[in-house]
Ligand SMILES: [Zn+2]
Ligand SMILES: [Zn+2]
């Protein structure tokens, strides 16, 4: 099978022939049909995250070192299963979303279904080989989520961009008539907008500095779109009333400050984006305004199942997805870095890729 491998941080991915994967125990092997290209892949490729103040989190210090097979938004067809995998033989040949945010499987967080918060992460496409390949090994069949009825390349995106947005929005416990602010309309932010609508939020404002991304959101009914750098647009937001909940899908200093600064008393800001930076948070207003600022990292297996069930109701509009052949993976990463991608790029082996 082919794998597209980061041999050295920041160098072009190389195509490698590897032996077909043979599962043992509870393991299952999926033939990759589609794999979303995520901003996290750019960080993994570079080898670091920006922490702000000139500091960097080096992935090598966390035990993540090349060779790496990236790709954590994977939809695949079950082709082989280990003898102890508790999944029926009839599932062979069917398509599943892979839940990628694995932990050690033994600690309290893992036992309570919060593997994404495990202190010993073992995520697919991060710590272990992912979906930039013909085949992907999953340690247990319980991590497969049936995606029947959802367009395959769209389904792949639910494993990260969809799940991240869904989990963040579930943490914004505000009334559906309260004002919800979404900052950033990349793949995850745009997913967040569509999911917020499907969850029943009725007053949604979205902000992005990129006019192309704002235009994309203008097509979504009942949503106010604004440029956070425009004084006139900020006045519009102020007139709509204070924001009860904000989700920052970018996670740089200016977006976090904008999200937190827009909140009413008792409001909550959830920071999701990983572009990096830092903020100064004056403590007295934090207390007096009873503000909540929290992070949210991907989501749980149960949340992925809930999101897929929501999509299967037909209420969740489709994120625009552009399919790209696997052999063009380097170009896809470059395009994502350039910031010109509306919606999501999905590497696809499907011959009718458009
Ligand atoms: Zn991702
Ligand atoms: Zn664990």
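Quick note: the coordinates plus some simple rules give every number you see, no bench work behind them. This structure is a prediction, so every number in the text was calculated from the model and none was measured. Note: ideal-geometry Cβ built from the backbone for every residue, glycine included; neighbour counts use all protein chains shown.
Overview of results
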item	result
Residue, nearest to ligand 2 (Cβ to nearest atom), within region 131-154, restricted to residues that are more than 28 Å from residue 17 (Cβ to Cβ) and within 18 Å of the chain's Cα centre (by Cα)	145
Of all residues making up region 40-59, the number that are in a strand (DSSP E or B) and either out of contact with any helix residue (DSSP H, G or I) (no Cβ under 8 Å at 6 or more places or on another chain) or crowded, with 17+ Cβ neighbours inside 10 Å (or both)	8
Selection from region 111-149 of residues that are within 25 Å of residue 317 (Cβ to Cβ) and surrounded by fewer than 21 Cβ atoms within 10 Å (Cβ to Cβ)	145, 146, 148, 149
Selection within region 3-39 - over 22 Å from residue 85 (Cβ atoms) and surrounded by fewer than 16 Cβ atoms within 10 Å (Cβ to Cβ)	7, 8, 10, 11, 12, 14, 15, 16, 17
Residue match in region 74-92 (condition: on the phi > 0 side of the Ramachandran plot and surrounded by fewer than 17 Cβ atoms within 10 Å (Cβ to Cβ))	no
Sole exception among (1) over 17 Å from the mean Cα position of the chain (by Cα); (2) under 23 Å from residue 306 (Cβ atoms) for residue 182, by number	(1)
Those strands (runs of 3 or more DSSP E) lying entirely in region 71-138 with at least 1 residues within 16 Å of ligand 1 (Cβ to nearest atom) and touching a helix residue (DSSP H, G or I) at 6+ places or on another chain (Cβ under 6 Å)	73-81, 95-98
Matching option when the condition is within 26 Å of the chain's Cα centre (by Cα) and either within 23 Å of residue 197 (Cα to Cα) or free of Cβ contacts under 8 Å to residues at least 12 places away in the same chain (or both), among 251, 241, 276	251
